[in-house]
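Engineer: Let me give you the structure first, and then I'll get to my questions.
The values are calculated or read from the model by the stated rules, or taken from the named source; none is laboratory data. If you're wondering where the values come from, they're calculated on a predicted model, not measured in any experiment. Here the Cβ is made from the backbone with ideal geometry for all residues, glycine too, and neighbour counts use every protein chain on show.
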Amino acid sequence: MVKLKIKKGDKVIVLTGSDKGKSGEVKHVNPTDSKITVQGVNVQTKHRKPSQAGPGGLDKIEAPIHISNVALVDPKTGKSTRIGYKTVGDRKVRVAKRSGEQIE
């Protein structure tokens, strides 16, 4: 299992693929596969068969995207940035490499 620097609730931007340039909030993180699910990115159509519980139809779902294809959005500039770590007092906090701004 790999330690990921991007966490649930972070704002990320897509760097490659058909959704390049889109940004959204991280909904789910899967560290074993190194994949994340981003709101409004990599949307796919799922066909649902009708049943007694409800009618069939088309569902739009967000599929997971690999962590290497996204970057965190810098809170100061709004552009993509890498993530570093710094100790503040006795806590270890994430820091944006582009601006040096602390990431909450």
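Engineer: All but one of (1) under 15 Å from the mean Cα position of the chain (by Cα); (2) at pLDDT below 95 hold for E101; state the number of the condition that does not hold.
Structural biologist: Single failed check for E101: (1).
Engineer: May I pose another question? Quick test for you: out of K35, K97, pick the one residue that is surrounded by 15 or more Cβ atoms within 10 Å (Cβ to Cβ), out of contact with any Asp or Glu (no Cβ under 7 Å at 6 or more places or on another chain) and basic (K, R).
Structural biologist: K35
Engineer: Something else: Can you name the number of the only condition in (1) in contact with a strand residue (DSSP E or B) (Cβ under 9 Å, 6 or more places away or on another chain); (2) in the same structural domain as D10 (by TED's automatic domain parsing) that Y85 fails?
Structural biologist: Failed condition: (2).
Engineer: Are any of the residues in segment 45-66 out of contact with any Cys (no Cβ under 9 Å at 6 or more places or on another chain), at positive phi, at pLDDT 95 or above and not in a strand (DSSP E or B)?
Structural biologist: no
Engineer: Further, regarding this structure: So which residues in segment 18-44 are not polar (S, T, N, Q) and not in a loop (DSSP other than H, G, I, E, B)?
Structural biologist: Start the filter on segment 18-44 by keeping residues that are not polar (S, T, N, Q), which leaves 19-22, 24-29, 31, 33, 35-36, 38, 40-41, 43.
G24, E25, V26, K27, H28, V29, K35, I36, V38, V43 - these are the residues of segment 18-44 that are not polar (S, T, N, Q) and not in a loop (DSSP other than H, G, I, E, B).
Engineer: Then there's this: Could you figure out which of (1) at pLDDT below 95; (2) surrounded by 11 or more Cβ atoms within 10 Å (Cβ to Cβ) isn't true of V26?
Structural biologist: (1)
Engineer: What tally of residues in segment 6-53 results from selecting those that are under 12 Å from L72 (Cα atoms) and of a type in the set (D, E)?
Structural biologist: 2
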